[in-house]
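Colleague: Let me begin by handing over the structure; questions about it come next.
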Amino acid sequence: MSTITYKNLASIPIKTIHKAWMNAFSDYAVPVSTTRQELTYLLERRGYEPQLSFGAFDEEVLIGFILNGIRMWNDKKTVYDTGTGLIKAYRRQGIATNIFDYSLPILKKHDIEQYLLEVLKPNKSAFDLYLKKGFQIVREFDCYISPASPVKFRKQIVVNDVQLIEINIPDWNLFRSFWDFTPSWQNSIEALERKQNRLTIIGLENKDGIIGYGIIEKHTGDIPQIAVHKAFRRKNFGTILLHKLLELSRSNQLRVINADASNASFKSFMKSINLQPTIGQYEMLLNL
């Protein structure tokens, strides 16, 4: 009988992690099709730290992992679970719990103050594990993942007294003033700044300046942020922005991940273009 061992991932190449990633998520509730390059990009954007990420090994084979990002979150040094997975043949043996338990004293030794993660609502086993470990629900998120074709705009998008411009140097303080909710870790300003060269930022400008903006990752169709100044809402400007972002997309898919489920205005906006949440997540936090 083999012995499962645990260690950090500092010496583990991305090729090995990618293989384990694809095996672990082969039956995931949200279909995962990620190349090695895409996984590398995802981890870099989320602040992956190999020294504080951990794996379970059967002999030399990586069979489970917790891939962590590290940075400040709400003024506290925070670890973010950017991906936890376990190969199907090794599930229901307590291995995921063991990886987590192995990691905690090491994280505390590195002065980590809190642990942040997201878990899909249908993933009851993971959700129950996190509750048992002391995590508490912070927010509920809606996720919109859809072929672009179901998006239904008005037959004619009329742009009066405004223009759409590409923004190379974002004014994040201005953008923050448009928000109804704080973006999740993967959609945060810090995450986007890491890979800003892969993003396109479109501003909506009138005679007084920028009154709205949207950001798209063209190759995936992911829209991490979109917002309009509160004084200019219900004037079709959000629709104008989204229409432009989809025009720029090189993907046939629209992805709006982790919209705050309690925000009625955003939910109403998505409904107005014929989109409903496809799945939901809990944002959960553990104080260390």
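The values are calculated or read from the model by the stated rules, or taken from the named source; none is laboratory data. Just so you know, these numbers come straight off a predicted model, no measurement behind them. Neighbour counts are summed over all protein chains in view; Cβ atoms, including those assigned to glycine, are modelled from backbone coordinates with ideal geometry. Side chains are part of the model used for accessible areas, which takes the heavy atoms of the whole protein and leaves out ligands, DNA and RNA. Shrake-Rupley method; radii C 1.70, N 1.55, O 1.52, S 1.80 Å.
Colleague: Mean separation of Cα pairs under 8 Å and 6+ residues apart, divided by the residue count of the chain: what relative contact order is that in percent?
Modeller: About 21 percent, as a whole number.
Colleague: Among DSSP bridges having both ends in segment 180-288, what percentage is antiparallel? Round to the nearest 5.
Modeller: So the antiparallel bridges amount to about 90 percent of the total.
Colleague: Then there is this: Just the number, please: percent antiparallel of the DSSP beta bridges in the chain, rounded to the nearest 5.
Modeller: Roughly 95 percent of the beta bridges in the chain run antiparallel, per DSSP.
Colleague: For residue 3 and residue 128, what is the calculated FRET efficiency with R₀ set at 25 Å and r taken between the beta-carbons, to the nearest 0.05?
Modeller: Once rounded, the FRET efficiency stands at 0.40.
Colleague: From the square roots a ≥ b ≥ c of the eigenvalues of the alpha-carbon gyration tensor of segment 1-125, which class results: rounded (a/c under 1.5), prolate (a/b over b/c), or oblate?
Modeller: rounded
Colleague: A further question on this structure: Does anyone have the angle between helix 14-24 and the longest principal axis of the chain? Alpha-carbon axes, 0 to 90°, nearest 10?
Modeller: 90
Colleague: Using R₀ = 25 Å, calculate the FRET efficiency as 1/(1 + (r/R₀)^6) where r is the Cβ-Cβ separation of residue 137 and residue 264; round to 0.05.
Modeller: Efficiency at R0 = 25 Å is approximately 0.85.
Colleague: Still on this structure: Rounded, prolate or oblate: which one fits segment 245-288, using the alpha carbon gyration tensor with axes a ≥ b ≥ c (rounded when a/c is under 1.5, else prolate when a/b beats b/c, else oblate)?
Modeller: oblate
Colleague: If you don't mind, another one. Tell me, in nm to one decimal, what length is gained between residue 11 and residue 235 on full extension, where the rule is 0.36 nm per residue of separation less the Cα-Cα distance?
Modeller: This chain segment gains 75.3 nm when fully extended.
Colleague: Which order do 207, 235 take when ranked by solvent-accessible area (1.4 Å probe, heavy atoms of all protein chains), largest first?
Modeller: 207, 235
Colleague: Among rounded, prolate and oblate, which fits segment 137-288 when a ≥ b ≥ c are the square roots of the eigenvalues of its C-alpha gyration tensor, a/c under 1.5 means rounded, and a/b larger than b/c means prolate?
Modeller: rounded
Colleague: Apply the Karplus curve 6.51 cos²θ - 1.76 cosθ + 1.60, θ = phi - 60°, to the phi angles in segment 35-42 and return the couplings in whole Hz, x for Gly and Pro.
Modeller: Running phi through 6.51 cos²θ - 1.76 cosθ + 1.60 with θ = phi - 60° gives 6, 4, 5, 5, 5, 4, 4, 4 Hz.
Colleague: Rounded to the nearest whole Å², what accessible area per residue is found for the chain with the 1.4 Å probe?
Modeller: Per-residue accessible area for the chain comes out at 51 Å².
Colleague: Okay, next question. Which net charge results for the neighbourhood of residue 220, defined as the other residues with beta-carbon distances under 15 angstrom from its beta-carbon, given Lys and Arg at +1 and Asp and Glu at -1?
Modeller: Counting the neighbours of residue 220, the net charge comes to +3.
Colleague: Carbon and sulfur: what percent of the chain's accessible surface (1.4 Å probe)?
Modeller: Percent of accessible area from carbon and sulfur atoms in the chain: 49.
Colleague: While we're on this one: Would you please name the chymotrypsin sites (Phe, Trp or Tyr not before Pro) within segment 174-283 that are DSSP coil residues with at most 13 other C-beta atoms within 10 Å of their C-beta?
Modeller: 179
Colleague: Suppose R0 equals 45 Å. What FRET efficiency, 1/(1 + (r/R0)^6) with r the Cβ-Cβ distance, do residue 77 and residue 218 give to the nearest 0.05?
Modeller: 0.85
Colleague: Under the 0.36 nm per residue contour assumption, what length would be gained going from the current alpha-carbon distance of residue 180 and residue 250 to full extension?
Modeller: 22.4 nm
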